[in-house]
Every structure is written in structure tokens, then in C-alpha cells.
1. Do we have any residue at all in segment A:81-98 that's within 16 Å of ligand 1 (Cβ to nearest atom) and within 25 Å of B:THR222 (Cβ to Cβ)?
2. Looking for something closer than 27 Å to A:GLY103 by Cβ, free of Cβ contacts under 8 Å to residues at least 60 places away in the same chain and open to solvent by 20 Å² or more (accessible area, probe 1.4 Å) - is there at least one such residue anywhere in segment B:46-66?
3. Can you tell me which condition B:GLY257 does not meet? The list is (1) within 14 Å of chain A (Cβ to nearest Cβ); (2) in a helix (DSSP H, G or I); (3) open to solvent by less than 10 Å² (accessible area, probe 1.4 Å); (4) not aromatic (Phe, Trp, Tyr), and all the others hold.
4. What's the number of the condition A:ALA98 fails, among (1) within 14 Å of ligand 2 (Cβ to nearest atom); (2) of a type in the set (A, V, I, L, M, F, W, C); (3) under 20 Å from A:VAL60 (Cα atoms)?
5. Go through segment A:1-55 and count every residue that is hydrophobic (A, V, I, L, M, F, W, C) and at the interface with chain B (Cβ under 8 Å from one of its Cβ atoms).
6. Among the listed residues A:LEU19, A:LEU30, identify the single one that is in a strand (DSSP E or B), hydrophobic (A, V, I, L, M, F, W, C) and more than 16 Å from ligand 2 (Cβ to nearest atom).
7. Quick one: count up the residues across segment B:445-462 that are touching a Ser or Thr at 6+ places or on another chain (Cβ under 7 Å), at pLDDT 95 or above and open to solvent by 20 Å² or more (accessible area, probe 1.4 Å).
8. What are the residues in segment B:140-159 that are open to solvent by 60 Å² or more (accessible area, probe 1.4 Å) and either at pLDDT 95 or above or within 14 Å of chain A (Cβ to nearest Cβ) (or both), if any?
Amino acid sequence: MTRRLHVSTTLNGDAVDFLCDPRETLLDCLRDHLGATGAKEGCGTGDCGACSVTLDGRLVCSCLVLGVEAEGKEIGTIEGMADGETLHPLQRKFIEHAALQCGICTPGILIAAKNLLDRNPDPTETEVRYWLAGNLCRCTGYDKIVRAVMDAASELREAS
Amino acid sequence: MALDGQKTAYTYIGTTPDRPDGLDKVTGRARYGADISLPGMLHGAVVRSPHAHAKILKIDTSKAMALDGVKAVITRADFPDGLEGEDWNLQENCMAGDKALYDGHAVAAVAATSPLIARDAAKLIEVAYEPLPHVTDVDAAMAEGAPVIREGAADFSVPDGLHPNVVRYFDSGRGDLEQGFAEADLVIEKSFTTEAAHQGYIEPQACLGQMGGDGRGELWVTTQGHWFVRRMCAAILGTEATGLRVTPSEIGGGFGGKTTVFIEPLSLALSRKAGGKPVKMGMTRSEVLRATGPTASASMDIKMGMTKDGRITAASGTFRMQGGAFPGAPVDVTTMLAFGNYDIAHVRQVGYDVLANRPKQAAYRAPGAPMAAFATESVLDELCRQLHLDPIDTRLKNAAREGTRATFGPKYGPIGLVETLEAAKAHPNYRQPLGPNQGRGVASGYWMNWGGETSASVAISEDGSITVSIGTPDIGGSRASMALMAAEAFGVPYENVRVNISDTGALGVNEPTHGSRATYASGLATIRAAEDCITKLCKRAADKWEIDAEAVTWEDGCAKPSGPNAGDFPPMPIAEIAAEMGETGGPISGHFEGTPAGFSGSFGTHVVDVEVDPETGRTTILRYLVVQDAGKAIHPAYVEGQFQGGAVQGIGWTLNEEYIYGEDGRLQNAGFLDYRIPVASDLPMIDTVIVEVPNPGHPYGVRGVGETGITPPLPAIANAVREATGKRLCDLPLRPSRVLAAIRGKG
Ligand code: FES
Ligand code: FES
């Protein structure tokens, strides 16, 4: 058995550590060692975006990052998106607009959409569509997802 | 109310409240197939055939068993012999016997203390194969000299003289084709092919199974139907169905692909062999594409005749489909629905179910219907074009309506095809001006919907809130619909109802969420169980008031005396009855068990505008309109969602998606990079119009809306490309190279 490595990192603002095989992905470590199963594995090859998280604020496919690469970094996942009981406007708008059917793509899409709005508070429909082109949704046809993101963006703009 | 005639005025039905599971799903808390772990759990991995067709000579598991952390290895020898029919097919598909029948066919499985050890151990299992000649194409598979996949697999329906790979044969029709074609002013005959497409659910198959030597066990699994899983696993393992309790997880998409089993019996068999330790298994995306069930591929010949003024005089179709190495391609449905939209006097449908070295097909949204629609609606469009007729007017002229005898036999009840055509014609999208290289396509499609075995229970809590227990997993918001229907039946707020998807131990048998049946059948069951409950609530009030139960009615969540003669009592709210139920006769609940048979089909008409790039052959969807009959839309936002999702899956099937097999019979595009489903930047908004022609077989008029939406896109887009390019493309997908070749006159 490969010797396991000790990784110290920050998950949604909390200091955490875990032991992992150097071959394990960040997604494996989140799900199997840190109990954070919000990020999903849809492909394991960087093609579906279901595993989207942020690493030091950068949007990544956690299936393409090794667990050991999280050492000393800040990981942001869906579990950290709401502020206590208060949902992020994106989360609320996704429910309101029926922007999820099965919901398996939702955590990844919310993380990706928030990352977009953090850098571009006023995206066009085309910008939203291209930003989310790496996040597959098989259920919705994207219509309601795009509407929810646009609506959340406008609410966030009004609030700021 | 509901029992005599249909309700027409609603308080809750038709509103769009937040779905009850929304919060869990936007916060990452919802638990899907792979999200559960148990103490002492092992992890499974599967060894799969790299050959399309091969004899399995020997499986040596000794090196794998010797690896530290490996707890069990299984092969077919660990499963009982003597299964028959579909049970044998399922067992053979889950674990190969003497032969591997397709690239990706499971030949062994291993359980170990970590996923990585399991994966390493799988690589140490040595399988000796003797490759055999293979065939993956449907026409090639039924041609003379094609390798025989299994001798004696054909059933009684197959006429003599056909290749042994033809395992079922269908032939239906009416009238006199010769006469019908003689009446036509124009007859068009064309051949078509569609490739296999995968459901493409984003959540791969995953489960956590546990079984002891006594055949008792538990299974946590992502599935559309846990009673199906229970029955299939028990048959494959040779155990009793009741010994296994199956709990459905949240499900990350299914579209028909999760109505059967693949790894589930393996996890239970591994657990049994590993002394009853739970075994978690999950498929990789490549395993999903290689070894679960995509839909069938098809090859079809269509002939239709029409008069100058647009009346279809006759139609005939021959449909050949391969659904992998087992019987079951949905060609029966294909032949049934092929011309089902129209009133045609002279019609014939012939179908062949053919074996090939591909994975066992599974249901995919409206199984069998989209292929047929592609072929028949393309020919209809060509007739309209050549006779200079409007495609919607022509469809209206021939449309099936109430009282029409369907091409497959029965008379239609009230149906909404005409209404969808009229709404499509009236929609602004149908009048948008088109530019160069742009074209508009129209097509209609149909799914007959389904009832199926259904049980539901409704229980009143001590505080008067209501628990609804149903057995159809919620894939697209159906818990919200059930809660709305229960709220309507009881006359209580939506928020006072909680809907649970029960495990197999808590309700009678339920068919899966398939066939567009959940909102129809579980909805009907919920309403009937609520009515059963209401009868009991009224009885409690009657006893308290000391009047006849018949003298009590139920309104707005309260028992009330039915009139002045019944007595003068203030309304008794559900919460008051519930608070006292312990003393007044005990818990109050209502039930429904049955096989609702009043389902009725949903018709849809789609209008699409495309632009084809003459340099590259790439087709872009500019506008897309879905018009479909919902009967009654319980939660209109999720009805629209079904329309949009179905249309986009159809767009993917038409433009990009296909199973590509190499000369070696191996799947060449087993990943989301090369099996390319539509992404957000490929698409415009998907416009929708919900038509409501109530189904008399449901208390609130529900039809079921899930499947129909994937049927019209294939022909609608092909018809639009025809207008944009002047070329009739008869083979899917319309990949750029194919369209370009057609534009340049080589197609
Ligand atoms: S699981 Fe990481 S991109 Fe699909
Ligand atoms: S909601 Fe099912 S994949 Fe997006």
C-alpha cells in the first residue's frame, strides 16, 4: 500500500487536515476523507463540471486536482456557499426559477456561477452560457439555469 | 368532486411553489447514490471485457486475492444457474458467462478495503479470451454470414429464413396499401438511420449493498424504480425478493437508463462473499457509456403517399433495430407509434429486433419513438415541400383527434395534437423572418404514457400535517407535484404536506418513475389515498357530533355538516381531529393500491429555426419552440422543465451524439469529451407553450409530460436543415462533416 500523506488545508474557512494516497484527487479527498459530498463526480476527466470547487478563489474541476495539491490552500465548496441559514441569492434563485430537476449538476453550477458573478457582476446571456459551458446539465436544457443566474446577478447588483 | 367529474377550479394546482427538496439540493446536502458510507464498508471494482465478442477461456483471480486488502472476488460462478427469459438476460448482462458479448461486458468483480486497492486488484485479475468475429451494425447483423451472437434466441414471432440474430418480429397494419398509394398524387420513399444515443444522466450508477449468507440484505441505490431493482437483484442472486430492502437515494438523472440493474447485484454478491460487509460501488463515466444501456440504433425504410391537397393516403414503414446482445430493442413501440399522429386508412408497420455486439439497450425517454418520428416526419415534410403545402396545415388536415382510430388499433379519447398544432401556428416564432442559410422545421410527436402498478399512503400527523408516501423516485420535482395534489385534495396549504419516497419495505409494489407515469399514477394514488383519509376524518367528526358519517362533508381542510339538516356545528379543522385521534379510534391514514389504466397520450409540436454554416456544415439552433399537451400542468415550471430538457436531449441526439465503434468493435468515444452532449453555449432559450386538454382518466386531468419532448426534435431539426441547405439528410447525427458533404453534393 502506498504511504499516505498528511495534508493541512482550509475548507470553507475551517482549518482541516486529512491523510490521503498521493493518487487520490481533491474530489476523492473532499468526499471520502472530509465528508463533503456536495461536489459530485460526473466524469472524473474534467468534462462535466459537477465537481467544481474553488481553490484559492480559482474555479477548478476538483477531479483534475490532486488531494495533496490542497496543502496550504483555501478550498471553497457548495457547503460553504450559504451564510448560515441565509442562502446566497444564486441558491435562492435556482429554487425559485426551477433551475434544477435532478439537482446533481446544481452544486457545480452554483459554484461556477458564483465565480462568474464575483468577477463579472453584469454578464450578458451569452457570457453566462459560455462561462457555464463546462458544466453539463442533462435535465434542464439550461434555459432556467441561465435565467436564474441572470436574475441573481441583477438582484446582487441592486443590493450593492 | 373528483369522483363524478373533473375539478376545473383549483387553489393549489397550477401554482409554482418552491420544491420541498430544493434547499437540500442547492446546499449540497441532498444524498445521491455515491454519497453514503457505512462503517466497515468495502469498495468494489469491475473487470470488463476489452473484446466485442470473445470466448472466456479462463479467469485467474489468485493474484488479486493475494493483494493486501482484497476481501472478495466474484465471477459468474458465484451466481445461480438455471435462470430463464429476461432474468437470464439480466444476469448474463450483469456478469458474463461463457462469452463476453460486447466491449465493456463485466467478467469479474472485486471488493477491497479502499477504492484504489479495488482498482489495483481488478487489474490483477487475468482473463484469457478467444476473440470471436463480431458485428455492431444493425443491417450487418441481420445480413447473411453475420456472426451469430446466440443460437436459439429468437422467439415464435420470427418467420423462417431470417438470420438467427433477428430475435423478434412485428407486423401490423390495416387497409390496402396498394389502393392507398394509387390514390396519392405523390409517393415518397426514403431510408433512414439513427445511431445509439446515451441517456447521459450526470450521476453515474452507484450503490451501497449489504447481504448476509441468509440472503437478507439492504441496498442503497440511485434508481428510477427500487421495486424493479429488488426483483431483478433477487432473481439474479437466487434470493427471495422480500429479503432485500431497497432504499432509493436522490437520483441524478435517469431518463430510462436507471430502470434496470448493472452493478447492484454485484455489490450484493460481493458483500455476501465478504461475510456481509457493505460494498460500495460506482461506475466511471467510461463504464457508464460502455456498459450501461444506451438506446437502440435503427435503420428504417419509409414510404408515404399524399394527395395534392395534403391528405395522407397510405404509409408503410420497415424498422430494424439493434438493442445490443439481448432481445429488447423497443421496435414494438416504434412500429406502434410510427404513424400514430395521423388518421391514415392504409398503413403497415414491420419491425425487426436484432442482436449485435453492443451493450444491452435500456429505455431512453420515449423509447423507440424518436427514431420512428425522425423517419416518418421527415418523409411527411418532404411531401409537404414538394407539394408546396404548409407543414402545420397539412398536419392539421391529417391529425388524429378524439374518435380517430389510431394506426395501432384503439380509438383515441380526448387528445391534444390539433391544439398543439394550432398553438404552434399562432406563436410568433412561426412567423419570424429567416435569413440566408437559415431554415425552419416543424414536427409533431407522441408518447402514449403509462399507468403501472402503484401504491401510496397518506398519514395524518398528531398536529394535523400530512405525510404522503409514494414509491416513484423524484427526478424532476415530482414531490412538489404530489404535495400540490395532496394540498388540493385536503384543502390545506402546500407547506403542510411532506412527501417521502418510501423504501421497498414500507409500501406495496410500485413500478419505476418511467413511461411518464409518476405525476399521473402516483398523483392519482395520492389523491385517492387522500380521499380515503378524508372519509375517515369525516367519520371521526361525525362520531363526535353524533351524526351520520354521510352527513359530513370535507371542505378547505375541515369537516363540516353537509347541510342544515345535519346539525349546526362549527367546521372541525384537520388539526383538531388529529389532536384527538388517539382517543377517537387511533391513527388516521389512507391508502391506494392499483394499476391506474386511465392514462392518455401527450402530443407535442416543435418549431425550430437553424442556421447552417456553409463553410463548416455546423448547425446552430437559433430559436426553439416546444408546444405540448400536459392534460393539466400541476406545477407548470417543472412541466416546462420537462419540455425543455426533452427538446435539448433531442437536439443532442440530432446534432452531436452517437456511439462510435471501431473496426475492432470497441467503443471509441467513451467519455463526455467525445460523446458530446449539448452545453449551455450551444443553445438559445427554449420557448414553451403548455396546452391543457384534460385527461378524463385522472382526477385533475394529468397526462404525463416527460417523454414526448424528445420525439419531435430529430425530424424538426432535419426538416429545418433541409430548408436551410436544400438537402434532405437521412442519417443522424447531423454532424458538420456529414452536412458539409451533403451541401457539396457528396452526401
Ligand atoms: S467530475 Fe470533474 S469534471 Fe466531471
Ligand atoms: S438538473 Fe439534472 S443534470 Fe442538471
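1. Looking through segment A:81-98, none of the residues is within 16 Å of ligand 1 (Cβ to nearest atom) and within 25 Å of B:THR222 (Cβ to Cβ).
2. no
3. Going through the list (1) within 14 Å of chain A (Cβ to nearest Cβ); (2) in a helix (DSSP H, G or I); (3) open to solvent by less than 10 Å² (accessible area, probe 1.4 Å); (4) not aromatic (Phe, Trp, Tyr), B:GLY257 breaks only (2).
4. All conditions pass for A:ALA98, except number (3).
5. So the count comes out to 6.
6. A:LEU19
7. 4
8. Correct list: B:GLU144, B:GLY145, B:PHE156.
The values are calculated or read from the model by the stated rules, or taken from the named source; none is laboratory data. Since this is a predicted model, take the numbers as computed values, not measurements. All Cβ positions, even for glycine, are placed from backbone atoms using ideal geometry, and neighbour counts span all protein chains on display. Surface accessibility is based on the protein's heavy atoms, side chains included, excluding ligands, DNA and RNA. Shrake-Rupley method; radii C 1.70, N 1.55, O 1.52, S 1.80 Å.
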